[in-house]
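Engineer: Below are the structure tokens for one structure; questions will follow.
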Amino acid sequence: MKTKPRGNAGGFTLLEVLIAVAILSISLTSLLGSQMASMRATDQARMLSAVAFLAEGELMDIEYELKTDGWGQDDQSFDGDFSEEGWPDVEYVCVVDLIELPDYEQLVQAKDESDTDDSGLGVQDAGDQAFGMMGMVWPIIKEAIEQSIRKSWCTVRWHGGGKRKRLSKEWKCGDEENECMTVATFWTDPTKLNQLPSLGGEV
């Protein structure tokens with residue numbers, strides 16, 4: 001009885017299996033790297049959002065406190081951490097700046113330096129006259145504006161890379177371990193402008 005010759009088997013050779021496994025390993029490694037990068041980016045975005053809200057909340061608390069007790073006449077600073085909010089590894093330094101406007105003499109000097117009148121006639125136009133008259137009321141305007149505006153900013157610092165540990169007292173931002181964010185805003189109190197004399201009133 002004659003037997004039919006055996007044809008090629010339908011399976012894979014060992015070499016084909018090894019090549020398939022190598023390709024799969026490379027693909028999975030690349031996919032894992034992309035997934036890890038995506039997780040790190042998500043974690044970073046979550047952290048940035050959290051510290052931004054923490055900084056804004058601290059500024060709101062400071063604003064409420066100062067509006068109750070008064071802004072004062074000097075710059076003020078506040079520091080601490082957010083242990084009560086559940087973020088003991090995040091620290092902040094907040095500053096409330098008194099905005100100082102230039103004196104009238106400084107304004108005059110700046111104006112004189114910017115004048116480019118080549119005629120040499122020294123003719124004073126209406127703008128110069130108005131500027132000269134402003135010298136009588138500028139001290140009042142200056143004080144009213146300075147008392148009605150404050151610039152406040154809060155710098156928040158935390159350990160990057162998912163590290164959670166207490167920070168040292170030396171503030172350093174931008175290095176390999178520490179990350180920082182600064183949130184700034186302006187506060188205004190229009191009632192402080194009530195001390196400005198009305199038009200035509202006494203100076």
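Engineer: Can you tell me which residue within the range 81-99, out of those that are among the acidic types (Asp, Glu) and part of a loop (DSSP other than H, G, I, E, B), is most open to solvent (accessible area, probe 1.4 Å)?
Structural biologist: This residue is Glu84.
Engineer: Would it be correct to say that Gly122 is within 18 Å of Lys192 (Cβ to Cβ) and at pLDDT below 85?
Structural biologist: no
Engineer: Let me ask another. Is it true that some residue in the range 149-170 is at pLDDT below 80, among the hydrophobic types (A, V, I, L, M, F, W, C) and open to solvent by 50 Å² or more (accessible area, probe 1.4 Å)?
Structural biologist: Checked the range 149-170: no residue is at pLDDT below 80, among the hydrophobic types (A, V, I, L, M, F, W, C) and open to solvent by 50 Å² or more (accessible area, probe 1.4 Å).
Engineer: To continue, here is another question. Tell me which residues, restricted to the range 51-80, are over 16 Å from Cys154 (Cβ atoms), of a type outside the set (S, T, N, Q) and part of a helix (DSSP H, G or I).
Structural biologist: If the condition is that a residue be over 16 Å from Cys154 (Cβ atoms), of a type outside the set (S, T, N, Q) and part of a helix (DSSP H, G or I), then Lys67, Asp69 are the ones that fit.
Engineer: Would you check which residues across the range 62-80 are open to solvent by 90 Å² or more (accessible area, probe 1.4 Å) and at pLDDT 90 or above and list them?
Structural biologist: Asp79, the sole residue that qualifies.
Engineer: Regarding Glu58, is this residue in contact with a strand residue (DSSP E or B) (Cβ under 8 Å, 6 or more places away or on another chain) and at pLDDT 85 or above?
Structural biologist: Yes; evaluated as a whole, the condition is true for this residue.
The values are calculated or read from the model by the stated rules, or taken from the named source; none is laboratory data. Predicted model, so just to flag it, every value in this text is computed and none were measured. All Cβ positions, even for glycine, are placed from backbone atoms using ideal geometry, and neighbour counts span all protein chains on display. Please note that ligands, DNA and RNA were not included when accessible areas were found on the heavy atoms of the full protein model with its side chains. Shrake-Rupley method; radii C 1.70, N 1.55, O 1.52, S 1.80 Å.
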